[in-house]
Amino acid sequence: MNKKSVRVMVNPGGTNEKFALSNLPNCTLLVHPQNAEIPALIAEGKADVMITETMEARRYVRDDARLAAPLLDDPFTKNHFGILMAKGDQDWLNYVNFFMEEKDMDGTLDKLEDQYIK
């Protein structure tokens with residue numbers, strides 16, 4: 001993919017663009033302002049590849065048969081989503097961290113992904 005002839009489309013300013021800039025310096029990088037429009041543009045041939053999170057890729061291929069996501073089981077990177085909350089309540093932060101770790105360890109997060117994303 002890291003060739004001038006490969007058109008890689010990303011949304012501006014996020015992790016997708018940062019990944020492309022860091023790892024695909026020789027590609028033709030196309031920045032499109034509306035992330036939600038990119039899958040259809042890929043399907044229409046306006047670009048060759050979209051850099052996106054695996055959770056999004058699963059949904060895009062589920063919703064549009066013209067798309068494929070070959071790296072779902074072996075992605076470039078392993079990302080974790082976080083939670084944004086106000087500073088200052090260490091007890092609440094500890095609780096949230098413990099809760100999320102527990103749900104990851106007991107398989108709940110995988111089950112939710114299977115149910116809602118895959």
*Test result for residue 66, open to solvent by 100 Å² or more (accessible area, probe 1.4 Å), modelled with pLDDT of 85 or more, within 30 Å of residue 7 (Cβ to Cβ) and not in a loop (DSSP other than H, G, I, E, B)*: no
_Looking at region 1-15 only, could you name the residues that are open to solvent by less than 40 Å² (accessible area, probe 1.4 Å) and touching a helix residue (DSSP H, G or I) at 6+ places or on another chain (Cβ under 8 Å)?_
8, 9, 10, 11, 14
*Among the residues of region 20-32, count how many are more than 15 Å from residue 47 (Cα to Cα) and touching a strand residue (DSSP E or B) at 6+ places or on another chain (Cβ under 8 Å).*
1
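The values are calculated or read from the model by the stated rules, or taken from the named source; none is laboratory data. Predicted model, so just to flag it, every value in this text is computed and none were measured. Neighbour counts run over all protein chains shown; Cβ positions are idealised from the backbone, glycine included. Side chains are part of the model used for accessible areas, which takes the heavy atoms of the whole protein and leaves out ligands, DNA and RNA. Shrake-Rupley method; radii C 1.70, N 1.55, O 1.52, S 1.80 Å.
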